[in-house]
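Visitor: One structure is given below, represented as structure tokens, and several questions about it will come after.
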Amino acid sequence: MKVLVGIDDTDDIDSMGTGEFADILAKTVEKRDWGKCSRVTRHQLFVHSDIPYTSHNSSMCFVAELAETKLDDLITYAAEFLTQESAEGSDPGLCVAVIDKVSSPELLIEFGGKAKKIVVTKDEAYSLAEELGIHLSEHGGTGQGVIGALAGVGLRLTGNDGRFKGRHRIKPAGNIATVGEIIAQTNIEVVKAIDGTVLSADEPVLLGQKVKSVLLEHKCVLLVCPAENTSNEVKWETCAMKYLRKY
Amino acid sequence: MKKNKVDMLKRLKVIDGITHFCGDLENEADFKMSCLIGQACPSFIVDVEDEIYSEEERTCTNCRFRRWTNTGFSCYKRFPV
């Protein structure tokens, strides 16, 4: 069964980030043979003075293809892990949603969208989780992280939000790879120009310093921009951070 | 150096007792100022890769101690330059 796992607010300014927590959880699921996990996505939430985030208010989410009998094990392990490992002074939250059993996924998606634009409350998060049959739990401090954890799950469910954590290593920066090579060597599924054009397999792409992908239409997508220096006749280059910030 | 300091102070505003960098980071001059502050800062530590704002590494926007706000960002180390 497919399960979405969202976490938020596990860190403080000096500790390991929430993304690392998500990575460790996903790796543990696989090491214990409970299932297979996708890469972690980062979802930007609303930045406002009323929200006590550490530095950037983003939550992390991954998909686990789990054996049916392992759901309770996952929840128990994740809960203990967050309780024990989250930074002192943090407010960790955990959300686990079995995708096919969410009673009204559109409400979960709506909640995720709201959390990008306005301040939402813990009460709203808990009410919605209960209504939809989703696990939501807090593991320290104020437990404020349940909001981001639930929102992250809702946003991942859209298939159209977030950047994948980490970078893709294909060739060193400044080298050229074809779309076919990029797809063969990574879990990137589509290479797309920022205007939406899908590039063909033989199209060459100039690789930048950090090759990062985004979640679009439920796929891992590498976005490319028109190359600034066309002297070597390569039309496309991987997008710089200024284009990826909005994802 | 003095001009840089003056330019820097123009972009720093105190809001509810906390100093914020309130420049427009899409503006080249404002972004450049965030780089100058980062380069001069004794407390600069680069943030985790997934929170990097710019390929220009040494800028407040890439620092572990910057905290994004709806007007720009504040600094956990209070901009110690």
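Laboratory data are not the source of any read-out in this text; all were calculated from the coordinates shown. Quantities reported herein were computed from a predicted structural model and do not represent experimental measurements. Methodologically, a virtual Cβ is constructed for each residue, glycine included, from the backbone with ideal geometry; neighbour enumeration extends over all protein chains shown.
Visitor: How about segment A:148-182: which of its residues are in contact with a strand residue (DSSP E or B) (Cβ under 7 Å, 6 or more places away or on another chain) and of a type in the set (A, V, I, L, M)?
Guide: Within segment A:148-182, A:A149, A:L150, A:A151, A:V153, A:L155, A:L157, A:I170, A:I176, A:A177, A:V179, A:I182 meet the criteria.
Visitor: What are the residues in segment B:23-66 that are touching a Cys at 6+ places or on another chain (Cβ under 7 Å) and of a type in the set (D, E, K, R), if any?
Guide: Result: B:D47, B:E56, B:R58, B:R66.
Visitor: Could you run through segment A:58-83 and say how many residues are within 29 Å of B:F65 (Cβ to Cβ), touching a Phe, Trp or Tyr at 6+ places or on another chain (Cβ under 8 Å) and surrounded by 22 or more Cβ atoms within 10 Å (Cβ to Cβ)?
Guide: 2
Visitor: Looking only at segment A:147-166, which residues are assigned to a helix (DSSP H, G or I) and among the polar types (S, T, N, Q)?
Guide: Passing the criteria: only A:T158.
Visitor: Also, quick follow-up: Which of the residues that make up segment A:23-56 are polar (S, T, N, Q) and under 20 Å from the mean Cα position of the chain (by Cα)?
Guide: A:T28, A:S38, A:T41, A:Q44, A:T54, A:S55
Visitor: Now a separate question. Could you tell me which numbered condition A:S59 fails, if it satisfies all but one of (1) closer than 30 Å to B:T19 by Cβ; (2) over 14 Å from the mean Cα position of the chain (by Cα)?
Guide: Of everything listed in (1) closer than 30 Å to B:T19 by Cβ; (2) over 14 Å from the mean Cα position of the chain (by Cα), A:S59 misses just condition (2).
Visitor: Right, next: Pairs please, first residue from segment A:12-25 and facing chain B (nearest Cβ under 10 Å) and assigned to a loop (DSSP other than H, G, I, E, B), second anywhere and surrounded by 17 or more Cβ atoms within 10 Å (Cβ to Cβ) and among the aromatic types (F, W, Y), Cβ atoms under 9 Å, 6+ apart in sequence or on different chains.
Guide: A:I13/B:F65
Visitor: Step by step: first the residues of segment A:167-194, then only those that are touching a residue at least 40 places away in the same chain (Cβ under 8 Å) and part of a loop (DSSP other than H, G, I, E, B), then the one that is surrounded by the most Cβ atoms within 10 Å (Cβ to Cβ). Which residue is that?
Guide: The extreme case among them is A:I170.
Visitor: Moving to a separate point now. Quick check on my filter: what residues within segment B:33-69 are closer than 23 Å to A:F46 by Cα, aliphatic (A, V, I, L, M) and out of contact with any strand residue (DSSP E or B) (no Cβ under 8 Å at 6 or more places or on another chain)?
Guide: B:V48
Visitor: Ok, one more. Which residues, counting only those in segment A:77-91, are over 16 Å from A:K27 (Cα atoms) and of a type in the set (A, V, I, L, M, F, W, C)? Write out each step before concluding.
Guide: Keep residues of segment A:77-91 that are over 16 Å from A:K27 (Cα atoms), which gives A:83-84, A:86-91.
Scanning segment A:77-91 gives a single hit, A:A87.
Visitor: Would you be able to tell me the number of residues in segment B:1-18 that are in contact with a strand residue (DSSP E or B) (Cβ under 6 Å, 6 or more places away or on another chain) and either surrounded by 14 or more Cβ atoms within 10 Å (Cβ to Cβ) or under 18 Å from B:Y53 (Cα atoms) (or both)?
Guide: 3
Visitor: What residue, among those in segment A:210-235 that are touching a Cys at 6+ places or on another chain (Cβ under 7 Å) and either acidic (D, E) or more than 14 Å from A:G166 (Cβ to Cβ) (or both), is nearest to the other protein chains (Cβ to nearest Cβ)?
Guide: Applying the filter and picking the extreme gives A:C225.
Visitor: Pairs needed: first member in segment A:42-57, at the interface with another protein chain (Cβ under 10 Å from one of its Cβ atoms); second member anywhere, of a type in the set (S, T, Y) and not in a loop (DSSP other than H, G, I, E, B); C-beta distance under 7 Å; at least 6 residues apart or different chains.
Guide: Matching pairs, first to second residue: A:R42/A:S58; A:Q44/A:S58; A:V47/B:T69; A:S49/B:T69.
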